[in-house]
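**Student:** This is the structure, below, for whatever I ask next.
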Amino acid sequence: MKHIALLLVPVLASAAPEETPGLDGAEVRIPYSELKRLLGTEPSRVEAEEAAPVLLSAKYTLVDAEKGPLMEAEFQVVAFGERQVALPLMKAGLGMEVTEPADANVIVRDGEIQLLSGKPGRQRIKARLLPLVDGDAFVFSPAACPLVTFGTGELRDGRSVRLSSGGAVRMLGADQSVPLVGMDGVIEVRFVGEEEMREAAKPPEPSAWAWHHEALVLPGESAISYRVIARASASAGSGVSASLVLPPGARGVRVTGDDLAGHKVAGGGDRMQTLVIDWKTRGVLEREIGLFYEIPRRAPDRGWK
């Protein structure tokens, strides 16, 4: 009997890939911002895509009631999402009763009357404002928006209304309305009689002023500084404007004082300059201002010894 020997060659074993170590224990490090992007849960990006609500307009109407003045207010707002965000309507300091819509969420926070807006789209808010009256006047501060108007209804006893803010003044009769352009910040509302209304409607009359000055002179290396207290008195006129002739070469002119509406420096011939001062209130014929300026030092004449 013949015996057959078989030679087994491990061909299959040699064709199999070599075993590689696993990656289960490997560590991957990436920036946190990249991780949030991959997860798709970055809250700041979601919030940035939703614009904040906006106050489009504010309309105030004064009601001259027997028990005291009040204002009817109407606000136009627009919101772009359902996320609840506080929208300032105006500065606090007045009582507010929302009349429309009944479910409007109006709060007072951080010194402001705010609407908690959570409905997308346009919305109209109507409210009744109860001001704190001092004598015949009260103040209020509307929030900044593209259009702010103030109007009057019927006014008792032939009265009129004077609006003032900074150097701007508006006079209104019954059933009138004006945009509050150039009247920012705190606005004073004052009731005035017929005589004061007629006086306010007249053009201002010039006043002849007598001046008294007290000056402090501070020499410097390149300029001489002047600090002046100037007192003026007049016997007639409206008392709302005055002018002073400044020394030649005066620069850096600054004016301080009560009731100032503004000032400007007008140039003249021979390097002369005139300071024009305006005040807000008529009929004040005793004034005091602080005046500050400097005059450059001149180089001495070469021929002087």
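The values are calculated or read from the model by the stated rules, or taken from the named source; none is laboratory data. Bear in mind the structure is a predicted one, so any value in this text is a computation, not a measurement. So basically every Cβ, Gly included, is an ideal-geometry build from the backbone, and we count neighbours across all protein chains shown.
**Student:** Give the residues of segment 116-140 that are exposed (fewer than 14 other Cβ atoms within 10 Å of the Cβ) and outside any loop (DSSP other than H, G, I, E, B), sorted by residue number.
**Tutor:** 121, 122, 124, 134, listed by residue number.
**Student:** Considering each residue of segment 62-76, count those that are surrounded by fewer than 17 Cβ atoms within 10 Å (Cβ to Cβ) and out of contact with any helix residue (DSSP H, G or I) (no Cβ under 8 Å at 6 or more places or on another chain), and give that number.
**Tutor:** Number of matching residues: 6.
**Student:** On to the next question. Among the numbered criteria (1) under 27 Å from residue 53 (Cβ atoms); (2) surrounded by fewer than 18 Cβ atoms within 10 Å (Cβ to Cβ); (3) in contact (Cβ under 8 Å) with a residue 40 or more places away in the chain; (4) among the small types (Gly, Ala, Ser), which one does residue 79 miss?
**Tutor:** Result: residue 79 fails condition (2) only.
**Student:** Out of (1) farther than 29 Å from residue 252 by Cα; (2) among the aliphatic types (A, V, I, L, M); (3) surrounded by fewer than 12 Cβ atoms within 10 Å (Cβ to Cβ), the odd one out for residue 187 is which?
**Tutor:** Against the list (1) farther than 29 Å from residue 252 by Cα; (2) among the aliphatic types (A, V, I, L, M); (3) surrounded by fewer than 12 Cβ atoms within 10 Å (Cβ to Cβ), residue 187 comes up short only on (3).
**Student:** Return the residues of segment 250-283 that are surrounded by 15 or more Cβ atoms within 10 Å (Cβ to Cβ), in contact (Cβ under 8 Å) with a residue 24 or more places away in the chain and not acidic (Asp, Glu); say none if nothing qualifies.
**Tutor:** 250, 253, 255, 257, 260, 261, 273, 275, 277, 279, 280, 282
**Student:** Return the pairs, sorted by first residue and then second, in which the second residue is surrounded by 11 or more Cβ atoms within 10 Å (Cβ to Cβ) and at pLDDT below 85, the first residue lies in segment 86-104 and is under 15 Å from residue 58 (Cα atoms), the beta carbons are less than 6 Å apart, and the residues are 6+ apart or on different chains.
**Tutor:** Matching pairs, first to second residue: 87/117.
**Student:** So if I check each of 55, 89, 38, which one is modelled with pLDDT under 75, of a type in the set (A, V, I, L, M) and either under 18 Å from residue 140 (Cβ atoms) or over 22 Å from the mean Cα position of the chain (by Cα) (or both)?
**Tutor:** The unique qualifying residue is 38.
**Student:** Is it fair to say residue 181 is farther than 17 Å from residue 294 by Cα and free of Cβ contacts under 8 Å to residues at least 40 places away in the same chain?
**Tutor:** Against the criterion (farther than 17 Å from residue 294 by Cα and free of Cβ contacts under 8 Å to residues at least 40 places away in the same chain), residue 181 qualifies.
**Student:** Here's a follow-up. Can you pull out the strands (runs of 3 or more DSSP E) entirely within segment 166-251 that have at least 1 residues that are charged (D, E, K, R) and under 23 Å from residue 93 (Cα atoms)?
**Tutor:** 168-172, 187-192
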